[in-house]
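Beneath this line is the structure, given in structure tokens, with notes to follow.
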Amino acid sequence: MKDIVLSGIRPTGNLHLGNYYGAVRSFVKMQEEYQCYFFIADWHSLTTHPTPENIQRSARTILAEYLACGIDPEKATIYIQSDVPETIELYLYLNMNTYIGELGRVTTFKEKARQQPDNVNAGLFTYPTLMAADILQHRAKWVPVGKDQEQNMEMARKCARRFNNIYKTELFPEPQNYYFGGDALKVPGLDGSGKMGKSDGNCIYLCDEEKVVRKKVMRAVTDNGPETPNSPKPEVIQNLFTMMSIVSEPETVAFFDEKWNDCSLRYGDMKKQLAEDMVKTLNPIRERIQEFSSNTELLDRIAKMGAEKARESAAATLREVRKTIGFRVY
Ligand code: TRP
């Protein structure tokens with residue numbers, strides 16, 4: 001039996017290069033080795049009250065982008081959270097064993113409550129138990145998550161442990177954080193910040209048109225240029241080089257590195273080259289995104305197939321859960 005991996009993404013906008021090199025590209029490899037569930041957490045996005053059109057469009061967008069990146073619905077189970085009602089039943093049971101004290105201490109909740117003081121809803125409060133239900137319904141062993149999700153993962157483990165303890169069972173394995181290690185690359189932002197993804201202004205999206213990519217790269221933050229030979233690069237310039245090392249050939253990076261070292265580097269030239277290589281990397285992905293996005297019938301078929309597989313796995317767990325709690329199994 002292959003280990004089970006589960007990853008969830010809230011559908012808020014388009015995938016950017018940071019998502020791609022930081023995670024999605026690794027998912028494409030993982031689907032060969034693990035039993036993978038990649039799902040789109042559209043219920044979770046309700047915590048901030050999006051419109052119905054928004055909900056449907058965002059889920060389809062991520063689905064098309066995942067497929068375009070090479071996630072294969074024959075190998076992995078790719079599904080939309082709201083297509084799997086079993087999750088809600090488990091969410092209800094987990095909520096019965098989760099205490100308001102511990103939910104109130106979750107920092108992402110406290111932050112959100114500060115951001116949207118007029119909408120501190122119960123769904124927001126129980127976000128961690130819904131996430132635990134996502135994970136535990138498949139009895140997943142590994143969950144690739146970023147630093148910001150560690151507390152939610154701790155809650156998921158607590159839910160598993162507590163259920164097992166209360167009912168004297170070993171039904172739920174404790175899900176572990178999965179780290180990609182060297183496989184994942186951290187893509188810097190275009191605004192000179194360390195990370196792509198913090199704000200729109202510093203992102204290149206996988207679906208960006210060629211001319212948009214070029215414009216964004218040409219506008220990337222730089223400084224006055226090298227002044228002393230062989231000096232260390234300031235962060236904003238290092239970022240440019242890091243980006244180049246991701247999308248360009250090593251010789252290209254070495255060429256500009258030499259220019260930096262002898263103080264003859266002109267950022268405009270370097271950015272032009274970077275834009276060129278980025279466009280080359282992104283073109284095939286963007287074309288596939290367009291193909292998938294325009295084929296809603298195919299997207300719906302893939303979503304349906306994923307939902308069936310996910311429901312089968314979740315239903316098997318829920319049967320055990322119902323039996324364990326003392327409910328009739330239907
Ligand atoms: N909370 C995650 C995020 O914001 C998304 C998510 C929802 C998730 N359910 C999950 C991630 C289950 C992993 C497993 O990024």
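Checking Arg322 against (1) over 28 Å from the mean Cα position of the chain (by Cα); (2) surrounded by 19 or more Cβ atoms within 10 Å (Cβ to Cβ): exactly one of these is not met. Which one?
Only one criterion is unmet by Arg322, namely (2).
Can you tell which of Leu15, Leu67 is over 21 Å from Gly146 (Cα atoms) and under 17 Å from the mean Cα position of the chain (by Cα)?
Leu67 is the lone residue from the list that is over 21 Å from Gly146 (Cα atoms) and under 17 Å from the mean Cα position of the chain (by Cα).
May I ask you to verify whether Pro173 is more than 24 Å from Ile246 (Cα to Cα) and not in a helix (DSSP H, G or I)?
On the way: more than 24 Å from Ile246 (Cα to Cα): yes; not in a helix (DSSP H, G or I): yes.
Yes, satisfied.
Only residues that are under 14 Å from Leu67 (Cα atoms), open to solvent by less than 30 Å² (accessible area, probe 1.4 Å) and among the basic types (Lys, Arg): list them for the stretch 265-319, please.
Arg286
Across the stretch 145-166, what is the number of residues that are away from the ligand (no atom under 16 Å from the Cβ) and either loosely packed, with under 15 Cβ neighbours inside 10 Å or of a type in the set (Gly, Ala, Ser) (or both)?
Filtering the stretch 145-166 for residues away from the ligand (no atom under 16 Å from the Cβ) gives 161-166.
Pick out the ones that are also either loosely packed, with under 15 Cβ neighbours inside 10 Å or of a type in the set (Gly, Ala, Ser) (or both) and you get 161, 165-166.
Within the stretch 145-166, residues that are away from the ligand (no atom under 16 Å from the Cβ) and either loosely packed, with under 15 Cβ neighbours inside 10 Å or of a type in the set (Gly, Ala, Ser) (or both) number 3.
It is to be established whether one or more residues within the stretch 125-142 are more than 11 Å from the ligand (Cβ to nearest atom), more than 25 Å from Lys2 (Cβ to Cβ), of a type outside the set (Lys, Arg) and assigned to a helix (DSSP H, G or I).
yes
If Met155 satisfies every condition in (1) assigned to a helix (DSSP H, G or I); (2) under 18 Å from the mean Cα position of the chain (by Cα); (3) aliphatic (A, V, I, L, M) but one, which is the exception?
Only one criterion is unmet by Met155, namely (2).
With the requirement that a residue be free of Cβ contacts under 8 Å to residues at least 60 places away in the same chain, within 15 Å of the ligand (Cβ to nearest atom) and surrounded by fewer than 17 Cβ atoms within 10 Å (Cβ to Cβ), what does the stretch 14-50 give you?
Pro50
The values are calculated or read from the model by the stated rules, or taken from the named source; none is laboratory data. Note that the structure is a prediction, hence the values are computed from the model and not measured. In this analysis, Cβ positions are derived from the backbone assuming ideal geometry, glycine residues included, and neighbour counts consider all displayed protein chains. Side chains included, ligands, DNA and RNA excluded: accessible areas come from the protein's heavy atoms. Shrake-Rupley method; radii C 1.70, N 1.55, O 1.52, S 1.80 Å.
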